[in-house]
1. Among 16-23, 32-39, how do they line up from the highest to the lowest mean number of other beta-carbon atoms within 10 Å?
2. For the chain: lysine pairs with Cα atoms under 30 Å, gap of 8 or more or different chains, count?
3. Set the Förster distance to 30 Å, then compute FRET efficiency between LEU21 and PHE64 from the Cβ-Cβ distance, nearest 0.05.
4. Which whole-Hz couplings ³J(HN,Hα) result when phi for each residue of region 13-25 is put into the Karplus expression 6.51 cos²θ - 1.76 cosθ + 1.60, θ = phi - 60°, listed in order with x for Gly and Pro?
5. Taking the structure as given and computing mean projected area of the Cα convex hull in nm², which label from (i) 8.5; (ii) 4.3; (iii) 7.4 fits?
Amino acid sequence: MLALLMKFLPADKRALLALALRMVASLDTAQERQAVADYGLEMLADGKITITEWSAFGKRLGVFKLEEKSNGR
């Protein structure tokens, strides 16, 4: 259904939506996704994003999670 709806969007909007969906794809719960969306809108409110805000956004997205090694270390 989403793929069908996306076909009606202009290419630039479709790309932005695809990016947003990929960014939150690794989040487990609706609450986590909502928290990321809320924070993203909050950090964009003044039209500027600081390094600290980018870092906090990345943490919320799970960018800084350590990957578990499969070799038992």
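Values in this text are rule-based calculations from the coordinates and carry no lab data. Fair warning: this is a prediction, and the values are worked out from it, not measured in the lab. With ideal geometry, Cβ positions are generated from the backbone for all residues, glycine too; neighbour counts draw on all protein chains shown.
1. 32-39, 16-23
2. Lysine pair count for the chain: 6.
3. 0.90
4. For region 13-25, the Karplus-derived couplings read 5, 4, 5, 5, 5, 4, 4, 4, 5, 5, 5, 9, 4 Hz, x marking Gly and Pro.
5. Computing mean projected area of the Cα convex hull in nm² and matching it to (i) 8.5; (ii) 4.3; (iii) 7.4 gives (iii).
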